[in-house]
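The values are calculated or read from the model by the stated rules, or taken from the named source; none is laboratory data. Here the structure is a predicted model, which is why all the values come from computation and not from measurement. Cβ placement follows ideal geometry from the backbone for every residue including glycine, while neighbour counts extend to all protein chains displayed.
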Amino acid sequence: MDLMEARSRIEEIDMKIISLISERSDLALKVAEAKRIEGGAVRDEEQREKVISRAIDKAREYGLDPEPVKEIFELLILMNEYRQWQIAEGD
């Protein structure tokens, strides 16, 4: 694989990542609606820790540095919490 092919493949992967982030965000809206109906809080520390722990374990399994993966997942969680807070406040 030459440089251009590698960059093209990276671009394809980047687009898939963005699509998956969008799908994850859409699911966060469904979670927010369920929490609103059930009276749950937006921030769920136990679930947050499960998600981050799972991401760290999977990063290690793939031979990745777990710290940046942890930071990525913390950001994803914050993005979803922000959307959930917007729904909880009726925006």
Task: Hits in region 37-51 - residues which are aliphatic (A, V, I, L, M), surrounded by 14 or more Cβ atoms within 10 Å (Cβ to Cβ) and part of a helix (DSSP H, G or I) - done: 51
- [ ] Take residue 33 and decide whether it is at pLDDT below 90, more than 23 Å from residue 18 (Cβ to Cβ), surrounded by fewer than 14 Cβ atoms within 10 Å (Cβ to Cβ) and not hydroxyl-bearing (Ser, Thr, Tyr).
- [x] yes
Open item on the list: Based on this model, can you work out whether residue 9 counts as over 18 Å from the mean Cα position of the chain (by Cα), in a helix (DSSP H, G or I) and modelled with pLDDT under 95?
Closed with: no
Open item on the list: What are the pairs with Cβ atoms under 6 angstrom where one residue, in region 52-66, is surrounded by 12 or more Cβ atoms within 10 Å (Cβ to Cβ) and the other, located anywhere, is among the aliphatic types (A, V, I, L, M)? Sequence gap at least six, or different chains.
Closed with: 55/69; 59/69; 66/56; 66/59
Open item on the list: Kindly evaluate residue 42 against the criterion of being modelled with pLDDT under 90 and touching a helix residue (DSSP H, G or I) at 6+ places or on another chain (Cβ under 9 Å).
Closed with: yes
Open item on the list: Would you confirm, using the coordinates I've provided, whether residue 70 is more than 12 Å from the chain's Cα centre (by Cα) and part of a helix (DSSP H, G or I)?
Closed with: no
